[in-house]
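Shown next, in structure tokens, is the structure this report addresses.
Coordinate-derived values only; no laboratory data. Remember, it's a predicted structure, so these values are computed and weren't measured experimentally. Glycine also receives a Cβ, built like all others from the backbone with ideal geometry; neighbour counts cover every protein chain displayed.
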There are 4 protein chains.
Amino acid sequence: MEKIKPNDNVLFFYNDSKKWLMRVAPKQKFHTHVGIIDHKKVIGKPYGIAIKTNKGKLIFALKPTIYDYVMKSQRSTQIVYPKDLGYIAARIGLQSGFKIVEIGTGSGSFTTFLASIVKPKGHVYTYDVDENFMAIARKNIEKAGMSKFVTMTKLDIKTAKKMPQKDADVVIVDLGDPWVVVPQARKMLKGSGSFVAICPTMNQLEKLAAALRQNDFFDIECSEQIVRTIEARDGKTRHSFRAIGHTTYVAFARKVTTPASLRKILEPVEQPEVETEEIESSEDESLSTVKK
Amino acid sequence: MEKIKPNDNVLFFYNDSKKWLMRVAPKQKFHTHVGIIDHKKVIGKPYGIAIKTNKGKLIFALKPTIYDYVMKSQRSTQIVYPKDLGYIAARIGLQSGFKIVEIGTGSGSFTTFLASIVKPKGHVYTYDVDENFMAIARKNIEKAGMSKFVTMTKLDIKTAKKMPQKDADVVIVDLGDPWVVVPQARKMLKGSGSFVAICPTMNQLEKLAAALRQNDFFDIECSEQIVRTIEARDGKTRHSFRAIGHTTYVAFARKVTTPASLRKILEPVEQPEVETEEIESSEDESLSTVKK
Amino acid sequence: MEKIKPNDNVLFFYNDSKKWLMRVAPKQKFHTHVGIIDHKKVIGKPYGIAIKTNKGKLIFALKPTIYDYVMKSQRSTQIVYPKDLGYIAARIGLQSGFKIVEIGTGSGSFTTFLASIVKPKGHVYTYDVDENFMAIARKNIEKAGMSKFVTMTKLDIKTAKKMPQKDADVVIVDLGDPWVVVPQARKMLKGSGSFVAICPTMNQLEKLAAALRQNDFFDIECSEQIVRTIEARDGKTRHSFRAIGHTTYVAFARKVTTPASLRKILEPVEQPEVETEEIESSEDESLSTVKK
Amino acid sequence: MEKIKPNDNVLFFYNDSKKWLMRVAPKQKFHTHVGIIDHKKVIGKPYGIAIKTNKGKLIFALKPTIYDYVMKSQRSTQIVYPKDLGYIAARIGLQSGFKIVEIGTGSGSFTTFLASIVKPKGHVYTYDVDENFMAIARKNIEKAGMSKFVTMTKLDIKTAKKMPQKDADVVIVDLGDPWVVVPQARKMLKGSGSFVAICPTMNQLEKLAAALRQNDFFDIECSEQIVRTIEARDGKTRHSFRAIGHTTYVAFARKVTTPASLRKILEPVEQPEVETEEIESSEDESLSTVKK
């Protein structure tokens, strides 16, 4: 059974809004509103153990997961939340071994999540232009133990003469104007590779989708992800009062190649859209058979 | 640039509801409502290439992702959808290298998703009791190329005398009565490891949450995941008419250990619940300062 | 107890997607997929009675409500759905006695709903330019018995020299370009009266909100209304699989008057927006008190 | 143009979370965080006028709507929110002239909303057992000017020997155990009249739905209503960060009568449920036509 050692990162967990991720040091006593957490009480104990604060509150010492590192990352900018990270991973079929290009490192929490999945043979190449953000990101990635699977470079992809990567499985864009780098992303992607962009506003989705269509991307999906928590309690089960209204929208697409010879015959693809009106249409045929 | 070879799995994509995942064979001609897809037209071409059916419709030949394998898996039972798979992955911090125990193999699509992330050094141990389901699951897992990272065993975990695994990072349960195997899951998990269960009904969530609390699990979260697609079109951006109302709820928890000596002092943890009523309460203090 | 009489409108209800609203005639036999409904079986019976079709299926004869008239209205254009109608009514505090101006009569189902609430002393003045739509609307309003409380006029409010109404409690706009009639709506509204517009796209909301701010409207709220049905069944309660992804967004505002003398001091009102990031910030103060 | 008079109720509106509903008095100066609101500045002015606080902030003086009275009602218990009130009104086709029975008066805000629509010829008969709640409710109803259309009685419907009303268009139940009064509600309803219950938990929905089915109610719908606000701003349109996760679920049903002679032939009605799995099934028939 794995024991907690000095210098391990530990998540001290009181409740969902009171939890602290820190490196364990034998002499450290950490002051909180629910009492003092004495680090030496957990050293040598198995992960998951409960300890008591001096105020008699129970605190659990958990082994941090990537979820915890993401939620507790130091933030230079708005982070991408697990609900969005998760759907992105599933929607593009992110897997161990993938080569990822990330344009816009931000706080590095998305980078950390990506690296944790593509490791050990895959890699994340991440590009940003803000050295202050990059310094924070570097710390977050290192804290989560993912530095080995990430290469961070200061480079403005928008103006770069030559693309620094090619044959990427996925290009992820987290910029205010993601449509600007669509051609660059296309060059770095392998055939039928996935493009993803973080778009906090509807206007970004609209501009980006237009740019994707113009640059021979297909299977374009724009979406928002909503997680609603449920309080499951004996005889009183209901959704939580607490909710988050919005974090970001996300756009997905796959790089395709339409030869010029086929372009001519290209016609608008019929979208399989269900009209809400159909729901009520079932009786129409019957109405025509009314007899007296 | 990667070329399509005979026997490759290819996703032929017309639109989001007309797409076919199949093994490419030089002599195969596949009949669809939008015309015949002639396989030999794509062999030797790069992934992402468009071809024309005999009816003049464009079809793209994409390299299937795990998303495509999940959505196109042969189904013995209801599958877990990408929106739920993704949030599970992000919520538990699923990463390459994890050891996973899956109780209830079902159609094997969840197994495939898990294996694609934990590979190459992690592993999924999956258990089921229905040989028919297992045969289908085996085919789905193999088609996606994940067999090497999965061990499938016929075993009823509910009645097993001895647990077949220990020190798992994650135990995932997809049974109709997930609460029954909570003690078994606990035995197989490492300290502070994650428990996940697929619960299509509110009643399952309620029974399971009670069992988790009784078996020293913590950080219990029940949730539902909703993905709403958005049609991003110039000047006409709006949510899609089409929607899915429900697939499943999901329950999460982490294994903890509360020593008997601390149990006595255990008191109900204050949940950080926001009352909706608070939203309107801001003026109350002002009201008390009314002066005439 | 109220009995069904010849010429009454009756809703024959088999299930939620098989129901028919029709005028009862003694000799009528209505053919449906679940058998023949013989009208004379219900005449003289109390509302709510079940009858049997010749195929042995039960059909209930219900007294139609305004909900039924809305859902069964003949449609020239997309209708406004009850989930949206209802929230509009509650959000603006629609009540019996109100004077309503409706710009864009459409199929008249919204008009019917409004009239059913403002009657008998209130009134709905509705304006449209398409005589074909107006003819259909007139039939729908008449069928629901609301003609007495509605005045329908062919008039293009966009180009009208003089506004046909004033001191309206509410102006409701259902046009493709609702921002065009904001000044006209303002003229017809009484002080602090409510403006409502049906906006199927985000782009309409954005343009309209700008126009409202420029025309001295306040308390602007844009929203979407979602109704999720729940299958409440013993031990198997869950949300319905069936769902509607989108019907329309709605914009609300109240007419205000900012005297020129106060405009100078006008500054952007601080919006009480909760940043999602705050959710995780609770431990920050504690972190600063770390001691070794 | 309607002018503000002394003793009028006025909604002083700074922003959506800072607004105050109060009776205007010439000498009153109301202290708020955004400065002092001097009542005499609005007297004699038209509704909708802006005034300045001593801190230079703009406050609008609005004529309160029923929405404002509901949101600002003094609360003895949790209120029913406009998003739920509105959907209830639309779903049951609530209209002017209806006779309503309300079991559980609560804070009287729902009563106020109902009365504002059914007036002047309709009426709300409301029953409660808690005199303290009733006193608060009476004040809220009176403040909104609805007393004339409401009869409030102290009576425990659960144990009443004789029902105090009959032929109601609608019976609304807001009790913790709504299933207990289903037979009583049935007695007070007219044929095919509507039953509504406020159910904050899934367990209540489940028990109530069973009771409704056992008591010859039909067209049972359980639902939750969600309103998501949207910040419509030039080039930055997106959903609000702020959200409410849950208020209540609502159950609807209509009273029907199945004669004993027909009961025998009663069989489960086929529900028009769409399986999510169908979404992916479109290619199946094509697969069977594969040719080599």
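How far is helix C:109-118 tilted, in degrees, relative to the longest principal axis of the Cα atoms in chain C, given as a value from 0 to 90 rounded to the nearest 10?
With rounding to tens, the tilt is 80 degrees.
Tell me, what HN-Hα J-couplings in whole Hz come from the Karplus equation 6.51 cos²θ - 1.76 cosθ + 1.60 at θ = phi - 60° for each residue of region A:126-140, using x for Gly and Pro?
Ordered by residue, 3J(HN,Hα) equals 10, 10, 8, 10, 9, 5, 5, 4, 5, 5, 5, 4, 4, 5, 5 Hz.
So what is the orientation-averaged projected area of region B:192-235, using the convex hull of its C-alpha atoms, in nm²? Numbers along the way, then the final one.
Working: hull surface 20.3 nm².
Hull-based average projected area comes out at 5.1 nm².
From the helices alone, meaning DSSP H stretches of at least four residues, give me the mean residue ellipticity at 222 nm for chain C, per-run term -39500 (n - 2.57), in deg cm²/dmol to the nearest 500.
Calculated at 222 nm, the ellipticity per residue is -6500 deg cm²/dmol.
With labels modelled as points extended 7 Å from the Cα through the Cβ direction, what inter-label distance (nm, one decimal) is found for residue D:33 paired with residue C:156?
A separation of 5.0 nm, rounded to one decimal place.
Which entries of B:3/B:121; A:190/B:45; C:40/C:72 have Cα-Cα distances beyond 20 Å here?
In this structure, B:3/B:121; C:40/C:72 exceed 20 Å between Cα atoms.
Rounded to two decimals, what ratio of Rg to Rh does the protein assembly as shown give with C-alpha atoms and a Kirkwood Rh?
Values: Rg = 31.3 Å, Rh = 32.4 Å.
Rg/Rh: 0.97.
What full-extension length gain, to one decimal in nm, is calculated for residue C:166 and residue C:2 as 0.36 nm per residue of separation minus the Cα-Cα distance?
Stretched fully, the residue C:166-residue C:2 segment lengthens by 55.0 nm.
Across the residues of D:137-147, average count of Cβ atoms on other protein chains within 10 Å?
Mean partner shielding for this stretch: 0.
Classify region D:9-64 from the C-alpha gyration tensor, please: rounded if a/c falls under 1.5, else prolate or oblate depending on whether a/b exceeds b/c.
The shape class here is rounded.
With a cut-off of 8 Å between alpha carbons and a minimum separation of six or more residues, what is the relative contact order of region A:37-160 in percent?
Value for region A:37-160: 21 percent.
Remind me, relative contact order of chain A in percent, using alpha carbon pairs under 8 angstrom and six or more residues apart?
12 percent
What list do you get for C:19, D:3, D:55 if you sort them by fewest beta carbons within 10 Å? Display every interim value, and only then the final one.
Numbers: C:19 22, D:3 13, D:55 10.
Arranged by neighbour count, lowest to highest, C:19, D:3, D:55 become D:55, D:3, C:19.
Can you tell me what the convex hull of the Cα atoms of chain D projects to on average, as an area in nm²?
24.8 nm²
Which of the lysines could be linked to residue C:207 by a straight reach, that is with a Cα gap under 18 Å, when you skip same-chain ones fewer than 8 residues away?
The reachable lysines, counting only those whose Cα sits under 18 Å from residue C:207, are A:207, B:236, C:158, C:255, D:236.
Between residue C:214 and residue C:147, how high is the FRET efficiency from 1/(1 + (r/R0)^6) when r is the Cβ-Cβ distance and R₀ = 35 Å? Nearest 0.05. Walk me through the intermediate numbers first.
Numbers: r = 37 Å, r/R0 = 1.07.
Efficiency, rounded to the nearest 0.05: 0.40.
What percent do you get for the relative contact order of region D:154-228 when only Cα pairs under 8 Å and 6+ apart count?
30 percent
Under the rule of at least 5 residues apart or a separate chain, name every residue whose amide H is placed under 5 Å from the amide H of residue C:175.
Long-range HN contacts for residue C:175: C:198.
Looking at chain D as a GNM with Cα springs under 10 Å, which of D:92, D:157, D:230 has the largest mean-square fluctuation?
Residue with maximal mean-square fluctuation among D:92, D:157, D:230: D:230.
Spelling out what I want: for every residue of region C:234-239, take phi, set θ = phi - 60°, compute 6.51 cos²θ - 1.76 cosθ + 1.60 (Karplus), and round to whole Hz; glycine and proline get x.
Going residue by residue, I get 3, x, 9, 6, 6, 5 Hz, with x marking Gly and Pro.
Compute the angle between helix A:202-214 and the longest alpha-carbon principal axis of chain A, please, reported from 0 to 90 degrees and rounded to the nearest 10.
60 degrees
Pull up the DSSP beta bridges for chain A and report the antiparallel fraction as a percent, rounded to 5.
Values: 31 of 50 bridges.
Among the beta bridges of chain A, antiparallel pairing accounts for roughly 60 percent.
Under 5 Å between amide hydrogens, which residues at least 5 positions from residue B:32 or on another chain qualify, with H placed 1.01 Å from N in the peptide plane?
The answer is B:37.
How far is it, in nm, from the label point at residue D:16 to the one at residue A:121 when both lie 7 Å from their Cα along the line to the Cβ?
5.1 nm
Over region D:73-115, what number does the Rg to Rh ratio reach, with both radii from the alpha-carbon atoms and Rh per Kirkwood? Write down the numbers at each step before the final one.
Working: Rg = 10.5 Å, Rh = 11.1 Å.
Here Rg/Rh amounts to 0.95.
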